[in-house]
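The values are calculated or read from the model by the stated rules, or taken from the named source; none is laboratory data. Quick caveat: nothing in here was measured; it's all calculated off a predicted structure. We place every Cβ from the backbone using ideal geometry, glycine too, and count neighbours over all the protein chains shown. Just the protein is used for accessible areas: all its heavy atoms, side chains included, with ligands, DNA and RNA removed. Shrake-Rupley method; radii C 1.70, N 1.55, O 1.52, S 1.80 Å.
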Amino acid sequence: MTMSDQRCDRLQVGPVSIELRCESPQYARSLADYFGRPSAPGAPDISLELEIVSHADIPDIPNSLVAGKSVSGHGFTIADGLITGNFDPRSRQGKLSVLNILTKGQYPRVFEQVLYQAVQSAFRTAGSDALMIHSSAVATDQGGFLLVGASGTGKSTVAELSADFAVLNDEMNLVNFDNDPVELHGTPFNGFYQDKVEGTAPLRAVFLLAHGRRHELAPVGPAEAVSILSAQICPPVGLEDPFSPDIRLQMLDLAEKLFHSVPVQRLEFTPDPGFWDLIFTRFGKVPD
Amino acid sequence: MITMDSIPVPADGFSVRKLGEETIILAQEGESIHSLDEVGTFFWETIDGKRSLGEILPLICAEYDADEEIIRADLLDFIADLAEKGILNIAG
């Protein structure tokens, strides 16, 4: 491994790889520790120099790094300078300058949002037909299952209740439409579940989560399903993109695509793992 | 107050998408998104910005085999809900 490689952390996110070129090997290792996986081998789809910037003032930290973004040429500014940078889709190279506060406390999860944008850029450069969605994902012998819901609907709870299986992630997962069957991938991005595993599985079904008095699987109409899914889909905004109102229509398109790819049902559950019996009764046999 | 003489008018600033027999109404700004099932979609498609609720009611009654008073109440609830969400403006 060259000295240059030691300063790099490569994140494999489904079919794409993002390289972060850090100021030091130590920082690259700390990133690998944060994401809970070693740097991915192979050539990245995009490469970003990562600069951590010291600052005296304490800025406001927004919840979303998408809406507060301005773009000029290849350069962008997010949240009044919380993150600045540039990205050239042709060279697939860029730079992120990040205020130090985003590396501390709970704020790395805000910083991850700019990496979501890097993933979207990587999808584009790699020609990948994929989406990311706020969700829990579990891989079983019967395939992969995506569990979707807004904050508070129980994504992390179902992850905890699925410890007998491979929990890929309880925060952000990836659906790759490039192949048949459609693939479900975990991502390195951090939720609350600590024991996530790297992995992929053929996507069998999507469940829209709701707390209930008993475990129940129920059909859900297309409009309601697509509405719920679209609200959880990671905006397809790349580093080079400004935020535009059309993005929500694109999210609707992606939600519709997901809805038409696999069965989508509502899963009402109580805080015990018995809902897996329902799921396997319904989806127990892998189709030919 | 919404009455049967009221005319519901779709508000600006929303995108409407049909999915099979159902409908999604998406705010062009903000995060509002609203789904209509098959019945709600039929109700929605009777709204042309010119018909009063009194003119819409018989259209729905012709489609659905239910008591007119029940349909009237459902229609008023439907319109009130969409008006509250800003998806419909009420004229007259």
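Overview of values
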| read-out | value |
| --- | --- |
| Assigned charges on the beta-carbon of Lys, Arg, Asp, Glu; region A:23-150 dipole about Cα centre (debye) | 140 debye |
| Local electrostatic count at A:ASN173 - Lys and Arg +1, Asp and Glu -1, tallied over other residues with Cβ under 13 Å | -2 |
| Ordering of A:116-128, A:40-52 by burial proxy (mean other Cβ atoms within 10 Å per residue, highest first) | A:116-128, A:40-52 |
| Region A:17-44 versus region A:235-269: alpha-carbon centroid distance in Å | 28 Å |
| Accessible surface, per residue, of region A:30-112 when the full set of protein chains is kept, probe 1.4 Å, Å² | 51 Å² |
| Shielding by partners - mean other protein chain Cβ count within 10 Å, residues of A:125-137 | 0 |
| Chain pair A, B: total accessible area buried, heavy atoms, 1.4 Å probe, Å² | 1200 Å² |
| Values of log10 I(q)/I(0), in the order q = 0.10, 0.12, 0.15 Å⁻¹, for the protein assembly as shown under a Debye, Cα-only, solvent-free model | -0.73, -0.97, -1.29 |
| Solvent-accessible area, 1.4 Å probe, carbon plus sulfur percent, for chain B | 47 percent |
| Residues in region A:212-249 occluded by at least 40 Å² - accessible area, probe radius 1.4 Å, against chain by itself | A:PRO222, A:ALA223, A:SER227, A:ARG248, A:LEU249 |
| Peptide ranges A:197-207, B:50-60 listed from the most packed, as the mean C-beta count within 10 angstrom indicates | A:197-207, B:50-60 |
| Exceeding the 22 Å Cα-Cα cut-off - candidates A:LYS69/A:LYS95; A:LYS95/A:LYS257; B:LYS50/B:LYS85; A:LYS196/A:LYS257; A:LYS95/A:LYS196 | A:LYS95/A:LYS257; A:LYS196/A:LYS257; A:LYS95/A:LYS196 |
| Cβ charges +1 (Lys, Arg) and -1 (Asp, Glu), total dipole of the protein assembly as shown, debye | 1360 debye |
| Listed residues A:VAL114, A:HIS134, A:GLY152: farthest to the positive end of the dipole of region A:78-169 (Cβ charges) | A:VAL114 |
| Computed P(r) (all Cα pairs; region A:140-245; 5 Å bins; percent) | 2, 11, 19, 23, 22, 14, 6, 2, 1, 0 |
| Computed [θ] at 222 nm, helices only, for the protein assembly as shown once each DSSP H run of length n ≥ 4 contributes -39500 (n - 2.57) | -9000 deg cm²/dmol |
| Two-decimal ratio, region A:1-157, of alpha-carbon radius of gyration to 2.2 N^0.38 Å | 1.09 |
| Residues losing 50 Å² or more accessible surface upon assembly, region B:24-38, compared with the chain by itself, 1.4 Å | B:ILE24, B:LEU26, B:ILE33 |
| Magnitude of the charge dipole, chain B, Cβ model with Lys/Arg +1 and Asp/Glu -1, debye to 20 | 400 debye |
